[in-house]
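Structure record follows, encoded as structure tokens.
The values are calculated or read from the model by the stated rules, or taken from the named source; none is laboratory data. These numbers were taken from a predicted model, which means no experiment stands behind them. Because the Cβ atoms are built from the backbone with ideal geometry, glycine has one as well, and the counts that use them run over all protein chains shown.
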Amino acid sequence: MKQNKLWNSGFIYSLGALIGLIIVWQVVVLITDVPRFILPPPALVYAAFVEDWRLIAEHGLVTFTEVMLGLMVGILLGIATALQLEMSPTARLFLRPILVFSQAIPVFALAPVLTLWLGYGLISKITMAVLIIYFPVTSAFFDGLRKTPPGLLDLATVMQATNLRTLFYLKIPAAMPSLLSGVRLAAVYAPIGAIIGEWVGSSEGLGYLMLLANGRVKTDLMFAALFTLGALSMSLYGLINIIIRQFLNRYENPSDLE
Amino acid sequence: MVNLNHQPVHNDVHINGSITISGKAILNDMNLTIKAGQWTALLGPSGSGKSTLLRLIAGLDTAADFTGSITSSTQVSLSSCVSYMAQDDLLLDWADVVQNVCLGARLRGQGGNKTKAKRVIQQVGLIQHAQKRPQSLSGGQRQRVALARTLMEQKSIILLDEPFSALDARTRTDMQDLAAEQFKDQTVILVTHDPGEAVRLCQSIYLLQDCSVNSIAALSPPFPKSIDDKAMFALQSALMTQIRQSKRADR
């Protein structure tokens, strides 16, 4: 039964794919005899990981902190903006064009400016992450708020609801699924923002470590950092997904199915 | 049956005027009085303007231009004394039955009266489902929750916009009986396209077709009529004949 569950969850397949990938990688290295500093074999990357795990963990923690803080601030700002847009037609007139315009500038292009203004520390990286997730969260939630079933709004009118109560009891709950898909996107984008920030200028974090390792032709260390980053992003996405699924379960499926 | 202390029922509704939608006449020179304390049907085919008229009475947005007046005999603003039930049950998926029934109070910030809600839910026969979410209820049960929500509002004018038309035949008849019992002697305006429903439930019937509103001689109380009532069938056939004589707008 337990094995079945493991089988069904697709975990086995993911593991299989990963092992397959490592085999292909090893075979490519063996056949092409590519130099180590271009593509190190898997075993060497593993060795680098074991040897330098403290270093990697240290820098990983920095990136993780940036990503988490960026996520929190970005999501909160996105929610606040969407609510503001929904409640005030004036805000819609003024803020919306600015929002769209801000998206016309690639966030990547802003990274040097942010580093210049906010320095080499955490703040500039968090700001990058916030900038990159702010728009998806805002637009997903705002769309959700605009799509309240018209029948519910009719009901609210007949029931002589106040605007604020309509917002809290009807519009926001009805927009929750949209907000959560925005949050999912944010979980994917936030690490991108943090890494770009680190590349442009920093003295810690996985992005910094990768640049450093690359500069010293320690390609094995670079790969080890890269995989750590991948694992970090995937865990974050998985975690957010679990939280969201728990929430939606409670929200959509009654616990009273007899 | 529990007495819900309904407000005094002397609240006739007078409607005068015309409805057009982007220049096209829908209803011309209406002049009708909805009598207090009884069921009135607005009967008509799709596009006859019956739902638009109901939305105007409810104070809801419509795509139509209305010139004229809708007034109540007690001089109170109409929008403060109506409640509304539509074909779609409009239940909140994220709230349980009790919370759905208390929606009006919550939206007005009055704090829901749970005891009263339970009583109303009992009246519609759903007390054992009170803690459930709408997803785990059948279509008929959901519509009964919507009925309970409407009862809970305790308004003097009840607007029903084809609330039974999406239900299967048996459930529809059961719901008609339940609604007739719960809204007995109240001012109810029922929008429907089904002559059978109008005849079975309503003491006065307005037929909306060919851009005009005509009063039809309805049956006399009590309502609802038994499902094998001969007079009901006779009137239903006569009405159907009259409806079919009208030119079809969609041909």
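Within the stretch B:103-132, the set of residues being within 10 Å of chain A (Cβ to nearest Cβ), closer than 19 Å to B:Met85 by Cα and of a type outside the set (A, V, I, L, M, F, W, C) comprises B:Gly104, B:Arg106, B:Arg108. In the set (1) outside any helix (DSSP H, G or I); (2) away from chain A (no Cβ under 14 Å), the condition left unmet by B:Lys155 is number (2).
Of the residues B:Gln110, B:Gln122, B:Gln131, B:Gln99, only one is surrounded by fewer than 16 Cβ atoms within 10 Å (Cβ to Cβ) and either among the hydroxyl-bearing types (Ser, Thr, Tyr) or part of a helix (DSSP H, G or I) (or both); which?
B:Gln122
On the stretch given as the stretch A:165-180, residues that are at the interface with chain B (Cβ under 8 Å from one of its Cβ atoms), in contact with a Phe, Trp or Tyr (Cβ under 7 Å, 6 or more places away or on another chain) and not aliphatic (A, V, I, L, M) total 1.
Exactly one residue out of A:Ala213, A:Ala224, A:Ala194 is under 30 Å from A:Phe141 (Cβ atoms) and either at pLDDT 90 or above or aliphatic (A, V, I, L, M) (or both), and it is A:Ala194.
When B:Lys50 is tested against (1) more than 22 Å from B:Ala179 (Cβ to Cβ); (2) touching a residue at least 24 places away in the same chain (Cβ under 8 Å); (3) basic (Lys, Arg), only condition (1) is not met. If the Cβ limit is 6 Å and pairs must be 6+ apart or interchain, which residue in the stretch B:57-83 that is more than 13 Å from every other protein chain (Cβ to nearest Cβ) and closer than 25 Å to B:Ile26 by Cα pairs with which residue that is assigned to a helix (DSSP H, G or I) and among the polar types (S, T, N, Q)? That search, which allows pairs on different chains as well, returns B:Ala64/B:Thr52. Number of residues in the stretch A:65-97 that are exposed (fewer than 12 other Cβ atoms within 10 Å of the Cβ) and at pLDDT below 85 equals 0. Restricting the stretch A:137-164 to residues that are of a type in the set (Ser, Thr, Tyr) and assigned to a helix (DSSP H, G or I), the residue that is nearest to the other protein chains (Cβ to nearest Cβ) is A:Thr157. Does A:Ser233 meet the test of being more than 16 Å from the chain's Cα centre (by Cα) and either surrounded by fewer than 21 Cβ atoms within 10 Å (Cβ to Cβ) or at pLDDT 90 or above (or both)? Spelling it out, it is not the case that A:Ser233 is more than 16 Å from the chain's Cα centre (by Cα) and either surrounded by fewer than 21 Cβ atoms within 10 Å (Cβ to Cβ) or at pLDDT 90 or above (or both). Among the residues here, A:Glu252 does not qualify as acidic (Asp, Glu), at pLDDT 90 or above and either touching a Ser or Thr at 6+ places or on another chain (Cβ under 9 Å) or surrounded by fewer than 22 Cβ atoms within 10 Å (Cβ to Cβ) (or both).
Determine which member of the set A:Thr219, A:Thr148 is touching a residue at least 24 places away in the same chain (Cβ under 8 Å), among the hydroxyl-bearing types (Ser, Thr, Tyr) and in contact with a Phe, Trp or Tyr (Cβ under 6 Å, 6 or more places away or on another chain). Answer to the selection: A:Thr219.
Among the residues that make up the stretch A:204-214, is at least one of them closer than 28 Å to A:Leu83 by Cβ, more than 14 Å from every other protein chain (Cβ to nearest Cβ), surrounded by 18 or more Cβ atoms within 10 Å (Cβ to Cβ) and not β-branched (Val, Ile, Thr)? No, the stretch A:204-214 contains no residue that is closer than 28 Å to A:Leu83 by Cβ, more than 14 Å from every other protein chain (Cβ to nearest Cβ), surrounded by 18 or more Cβ atoms within 10 Å (Cβ to Cβ) and not β-branched (Val, Ile, Thr).
Against the conditions (1) part of a helix (DSSP H, G or I); (2) within 20 Å of the chain's Cα centre (by Cα), B:Leu32 satisfies every one except (1). Checked against (1) within 14 Å of another protein chain (Cβ to nearest Cβ); (2) closer than 23 Å to A:Tyr169 by Cα; (3) touching a helix residue (DSSP H, G or I) at 6+ places or on another chain (Cβ under 7 Å), B:Asp96 passes all but a single condition, namely (3). Taking the conditions (1) within 28 Å of A:Asp220 (Cα to Cα); (2) at pLDDT 90 or above; (3) buried (at least 16 other Cβ atoms within 10 Å of the Cβ) in turn, A:Ala111 satisfies each one other than (2). One residue alone among A:Leu21, A:Leu61, A:Leu55, A:Leu44 is farther than 30 Å from A:Phe142 by Cβ and not assigned by TED's automatic domain parsing to the domain that holds A:Pro191, and that residue is A:Leu21.
At least 1 residues being in contact with a Leu (Cβ under 9 Å, 6 or more places away or on another chain) and in contact (Cβ under 8 Å) with a residue 60 or more places away in the chain is the threshold, and among the helices (runs of 4 or more DSSP H) wholly inside the stretch A:41-122 those reaching it are A:42-51, A:53-87, A:107-118.
Among the residues making up the stretch B:141-154, a single one is at pLDDT 90 or above and over 18 Å from A:Leu152 (Cα atoms): B:Gln141. B:Gln87: over 21 Å from B:Ala36 (Cβ atoms), buried (at least 18 other Cβ atoms within 10 Å of the Cβ), at pLDDT below 90 and within 14 Å of chain A (Cβ to nearest Cβ), yes or no? Against the criterion (over 21 Å from B:Ala36 (Cβ atoms), buried (at least 18 other Cβ atoms within 10 Å of the Cβ), at pLDDT below 90 and within 14 Å of chain A (Cβ to nearest Cβ)), B:Gln87 qualifies. Comparison of A:Ala91, A:Ala109 shows that the only residue that is more than 14 Å from chain B (Cβ to nearest Cβ) and farther than 30 Å from B:Leu60 by Cβ is A:Ala109. Any residue that is surrounded by 15 or more Cβ atoms within 10 Å (Cβ to Cβ), β-branched (Val, Ile, Thr), under 30 Å from B:Ser136 (Cβ atoms) and modelled with pLDDT of 90 or more - is there at least one of those in the stretch A:161-179? Yes, some residue in the stretch A:161-179 is surrounded by 15 or more Cβ atoms within 10 Å (Cβ to Cβ), β-branched (Val, Ile, Thr), under 30 Å from B:Ser136 (Cβ atoms) and modelled with pLDDT of 90 or more.
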